[in-house]
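Okay, structure first, notes after.
Quick note: the coordinates plus some simple rules give every number you see, no bench work behind them. As the structure is a computational prediction, the values presented were derived from the model and not from experiment. Positions of Cβ are backbone-derived with ideal geometry, glycine not excepted, and every protein chain shown enters the neighbour counts.
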Amino acid sequence: MTDEQPARTGASKRPSPEGASPAMAQWFALKNENPEFLLFFRMGDFYELFFDDATAAASALDIALTARGSHGGEPIPMCGVPVGAAQAYLSRLIRRGFRVAVAEQTATPPSKMKGKGKVAAQKGPLPRAVVRLITPGTLTEDELLEPGRSNLLLALVAEPSRRGLPEWGAAWIDISTGQFETARCTDAELGHLLARLDPAEILAPPDRDLGEYDLRRTPGEPPSSPDTARARLAESFHVASLDAFGTFSDAETTAALMAVDYVKRSQAGAMPRLTPPMPQEDQDTLGLDPATRASLDLLRARDGGTEHTLFATVNRTSTAAGARMLASWIAAPLTNPARIAARQACWDWLRHDSVRAENLRTILRSAPDIDRALGRLSVGRGQPRDLGALRDGIAAAHLAATELTRINGSDEKRPELIKRVLGDLQECAALHDELNDALADELPARLEDGGIIAPGYDEELDTHRTLRDDSRRIIASLQADYGERFGITSLKIRHHAQLGYVIEVPAAVGARLRSREDLQFRQGTASLARFATEELSALDAEIAAAAECAATRERQVFAALVARALDDDKLPALARALALTDVIRSCASLAAGETWCRPVVDESEAFELVACRHPVVEAALGSGVRFAANSCSLSPEKRVMLLTGPNMAGKSTFLRQNALAVILAQAGLPVPATSAHLGTVDRLFSRVGAADDLARGRSTFMVEMTETAAILNQAGPRSLVVVDEIGRGTSTLDGLSIAWAVLEALHSNLRCRAIFATHFHELARLTESLPRLSLHTMAVRDWKGQVVFLHEVVSGSAKRSWGVHVAKLAGVPAPVVERASRLLKELEREHTAGPQPLPLFDAASSSQPAHNEPSSEVSIPDELREKLADIDPDDLSPREALSALYALKKIAT
Ligand code: ADP
Ligand code: MG
């Protein structure tokens, strides 16, 4: 128990315990300790739920609601789930946001004791206790977890700051793997952290709005003062001071203790194995705010699915731990070129040896999940196969090490990171040998099933087993003896659940035996009769005793092995090295086809992608259609790109592929391009135009503007901003004005690298005033009046929007298309004939004091004037005149 007691959620009137039966009195007591949980109350082979719990669970699980006895004159609503099938029901409840307290019987009912013929009379209810709280953030069972995803519990603690808004201390634990990290952030950055971690459960003060994460909140108050928290944490990790692990703020420390306490409480006091808390410095990772993550479909797509995501497209890992590590790389790309290069060097080195890489894949495919097995073992929920997983996992690591050492022979060619991985993979040999000797080859699913420890490992266990088996053998030989003695060939000796070992004979001959002194009649049915003998009873008791001793001894040996495994501090590093090997191999396989490259990532301001692709769109296109690769160059002289083009031409795809390339490159992964050179990006902003994001059903223009504000307030010179169709959610002129101003601010104030896609072709005029703006457009071919999208980015700007053509393509009825087409011509004529259409736009805006041209004049670019002045029409051949005209037109548009 902790001093932190979450407030009850969904309070409703609960009946009082007065006048309850003894078992129900127990229920009331346990429920009272865990008011915010559904209480799974063990009764025999069922977990029963009562009162409101029953009503809620019955409807959530779609099972029958019944009633039992009565309480205060009313029947008690009740429902139950069989113990054997509890996992499936639990996982449904957890997924629906319930939290469950499991109360078990803490003593064996006398009827289950071996060697007793009769059910003993029961006095009072069996003792029961809550042995486990099951909440979304504290799961360890494989059935309840997604293999390739981390399952995080996050604790948040606010620290008042001088500037008004609180600063936050955050700590998160993956109890299934023992990962334990902390961070601090400002109130504004909290959203980034939530989006990056995507926690399953969040302990947070009730007053902070967590947006879409609100549903995962468990109310929690910091447990104690920072100093006490420091002391208690240090004690938990057996160090004199927390400083041993890094520097933690007060809020970080209290958050860490809050998380640990909650985890401990959920395991009924047992402390799972955790790594020491690791403070994260966020300068080390690429800044990705929630809107950016959402727009890029990194780990989850916007529709919540996992199929069309960056992760799914690049994931070639073979183990769950590898998948989790790869996901964490994508969720938090790096900014330090040396660390990025260290990762790259590994897969770049491995990719040239396809034979060894394939061998590694085979080894990894059969490697079990060491982390999660350790997680279960450390909270006392380990099963024989979890120890088996450690044995087989270490064996796989050793095999992987051998395979790695064979690659490219010499030691000095091996990347540094591989050398470290190799060291870690080769550890734990002693533990492996121990487990290998101790464990049977085939392990049972449950501890109770026995047969876990191999013969020959433990002398005492072997003795008990021999006794047990000898007695069984004697019984087997007795069958023939008795058959002969009583002259009944069909006599059998059988083991019977209630009666123990008995002689079974057909009913017809049974009558003949009834009178014998040395036989005790036990049971008769229509077809057979059962008898016991003193000899059999004695042997039965011996077998039961020996079996009991063997089982007890086996549990002791198992517990000793578990302790030994948890004690091996090299094992977590070995598991990490194995996961890393998997990720490296996954990357190598991606890069092996030569369509993914190793990017150069450095401190420069470069942004050069040659023939780059959008990996997710490409994968979704199918085999018949070729994805058109596009290059992108944002040199310091032209660091902002304006991309115009009609709808459906591929603008959004191009924008996102550049953003994804940055994420992949900085995560240390291969990039889908011929070559790439990137100066590290500190923060990446990607926005989807409101119109593309209607599914989220919010006031779209407001959302768009909030997100735009976030970019303008946060982007700096090392940031990359990709903005898609800004200003779509409002009227044309409003939208155009906003897009215009934002583009100017990106170019001249923030000085970041940016790609700006728009269907406002008018913005192309801005190149006159913005020297570092380059104009690009999506190539479109007009084929007999039909639009053909080439999906190619070319320099220049779009001349038409082809909207009416797209409408036709989409199947808008012909009369409507024709009418629209006529209207368009009409409007275009008015547009050109009328007064200056966009007097709003002042080329000499406040951020551009250098330009003083009067805004109402049609401005002619200087370059065009110069070129025109250079041309003497009389001097030109018709052919030269034509090419001069082409050149002028190019400058003018
Ligand atoms: P826009 O943003 O200009 O309206 P999108 O980027 O949404 O266009 O692209 C529309 C569709 O065109 C995509 O769903 C995809 O099927 C296809 N597409 C886009 N870019 C490419 C490309 N480079 N190669 C092949 N198909 C593409
Ligand atoms: Mg688009």
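If only the Cβ of Lys and Arg carry +1 and only the Cβ of Asp and Glu carry -1, the dipole of the range 463-534 around its Cα centre is close to 220 debye. Charge dipole (Cα centre; +1 on Lys/Arg Cβ, -1 on Asp/Glu Cβ; no other charges) of the chain amounts to roughly 2300 debye. Amide H contacts for Phe607 (H built 1.01 Å from N in the peptide plane; partners 5 or more residues away or on another chain; cut-off under 5 Å): Leu634, Gly679. Packing, taken as the mean count of other beta carbons within 10 Å per residue, orders the peptides 552-564, 142-154 from highest to lowest as 142-154, 552-564. Over the residues of the chain, the helix contribution to mean residue ellipticity at 222 nm works out to -13000 deg cm²/dmol, using -39500 (n - 2.57) for each DSSP H run of at least 4.
Ranked by the mean number of other Cβ atoms within 10 Å of their residues, highest first, the peptides 582-589, 613-620, 229-236 come out as 582-589, 613-620, 229-236. Counting only DSSP beta bridges whose two residues both lie in the range 563-694, roughly 75 percent are antiparallel. Dipole orientation for the chain: of the candidates Phe237, Ala649, Ala497, Ala497 has the Cα lying most toward the positive pole (charges on Cβ; Lys, Arg +1; Asp, Glu -1). Taken as Cα centroids, the range 158-227 and the range 48-88 sit 35 Å apart, rounded to the nearest whole angstrom.
Size descriptor for the chain, Kirkwood hydrodynamic radius: 33.0 Å (Cα pairs only, one decimal). Taking the DSSP bridge list for the chain and keeping only pairs wholly inside it, about 65 percent are antiparallel. Electrostatic tally near Asp250: other residues with Cβ closer than 12 Å to its Cβ, Lys and Arg +1, Asp and Glu -1, net -2. Beta bridges assigned by DSSP with both partners in the range 113-265 are antiparallel in approximately 70 percent of cases. When only Cα pairs below 8 angstrom with a gap of at least 6 residues are kept, the chain shows a relative contact order of 9 percent.
Extending 7 Å from the Cα toward the beta-carbon at both Arg420 and Val794 defines two label points whose distance is 4.9 nm.
Once both labels are positioned 7 Å from their Cα atoms along Cα-to-Cβ, the gap between Glu484 and Asp782 label points is 11.0 nm.
Working ranking of peptides 41-54, 813-826, 363-376, 237-250 by packing, defined as the average number of other Cβ atoms within 10 Å per residue, highest first, is 363-376, 41-54, 237-250, 813-826. Applying a length cut-off of 27 Å (Cα extent along the axis) and a mean Kyte-Doolittle floor of 0.0 to the DSSP H helices of the chain leaves 534-567, 571-592. Working from label points 7 Å from Cα in the Cα-to-Cβ sense, the Phe521 to Met702 distance is 8.8 nm.
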